[in-house]
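Accompanying notes for the structure given below.
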Amino acid sequence: DHGDRTRGLDLVEQLSQAHPNSPYVDEADLAAARLLLETGQTDRAASYLTAVMNRSRDAELALVARLRLARVQIAQNHPDAALQTLGTADRGAFDGRFAEVRGDAYFAKGDKAAALREYQAARLALGPAEASNDLLDLKINDLTGDAGSAPAAATPKGT
């Protein structure tokens with residue numbers, strides 16, 4: 001609340017040392033990663049996200065960490081690492097978001113066709129267009145060259 005990031009990170013470390021098996025450690029590590037990203041410390045943020053991804057007993061929290069780590073890896077210009085982090089297994093309710101981030105990784109690699117396929121898969125998995133998915137629709141429209149028709153892009157071709 002006071003903007004003291006250093007103290008916040010110290011508290012995360014204290015929590016981790018005092019209560020290593022607490023589920024709150026995972027939440028604190030996610031918060032620490034966010035603080036570190038805000039200050040451009042992507043390597044340290046990735047370390048916290050990797051820890052949550054590998055250690056959390058909460059499967060959904062581990063998926064959130066995996067998604068965030070892949071986004072960090074893309075920002076670090078490591079799209080192949082991001083694709084490896086994301087994997088290809090079914091992610092249940094997160095499948096659409098995983099497809100979108102895979103699309104971002106392929107786009108970063110310059111593979112626009114694969115990016116479009118992933119974005120369209122994400123659109124399909126996420127369901128009807130919503131305001132929260134406007135950015136996804138913009139990505140699809142940018143790759144299809146059809147900036148004026150978000151509804152047409154909402155359904156992948158051939159379905």
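The values are calculated or read from the model by the stated rules, or taken from the named source; none is laboratory data. Just so we're clear, the structure is a prediction, and the values are computed from it rather than from any experiment. No Cβ is skipped: glycine too gets one built from the backbone with ideal geometry, and neighbour counts run over all protein chains shown. We work out accessible area using only protein heavy atoms, side chains counted, and drop any ligands, DNA or RNA first. Shrake-Rupley method; radii C 1.70, N 1.55, O 1.52, S 1.80 Å.
Assorted remarks:
- Each Lys and Arg Cβ is given +1 and each Asp and Glu Cβ -1; about its Cα centre, the chain then shows a dipole of about 380 debye.
- Order of exposure, largest accessible area first, which applies to 123, 97 with probe 1.4 Å: 97, 123
- The C-alpha atoms of the chain define a longest principal axis, and helix 5-18 lies at about 70 degrees to it.
- Placing 37, 67, 138 in order of accessible area, with the largest value first and a 1.4 Å probe, yields 138, 37, 67.
- Computed with a 1.4 Å probe over protein heavy atoms only, the accessible area of residue 107 comes to about 90 Å².
- Segment 49-119: radius of gyration over Cα atoms, expressed as a fraction of 2.2 N^0.38 Å: 1.04
- Overall form of the chain per C-alpha gyration tensor (a/c, 1.5; a/b vs b/c): prolate
- Sum of -39500 (n - 2.57) over DSSP H runs of 4+, divided by residues of the chain (222 nm, nearest 500): -23000 deg cm²/dmol
- Under Karplus coefficients 6.51, -1.76 and 1.60, residue-wise ³J(HN,Hα) of segment 62-74 in Hz, glycine/proline x: 5, 5, 4, 4, 4, 4, 5, 5, 4, 5, 5, 4, 5
- The candidates 95, 137, arranged from most to least accessible area with a 1.4 Å probe in the full protein assembly, appear as 95, 137.
- Percent carbon-and-sulfur accessible area, segment 64-112, ignoring ligands, DNA and RNA, probe 1.4 Å: 45 percent
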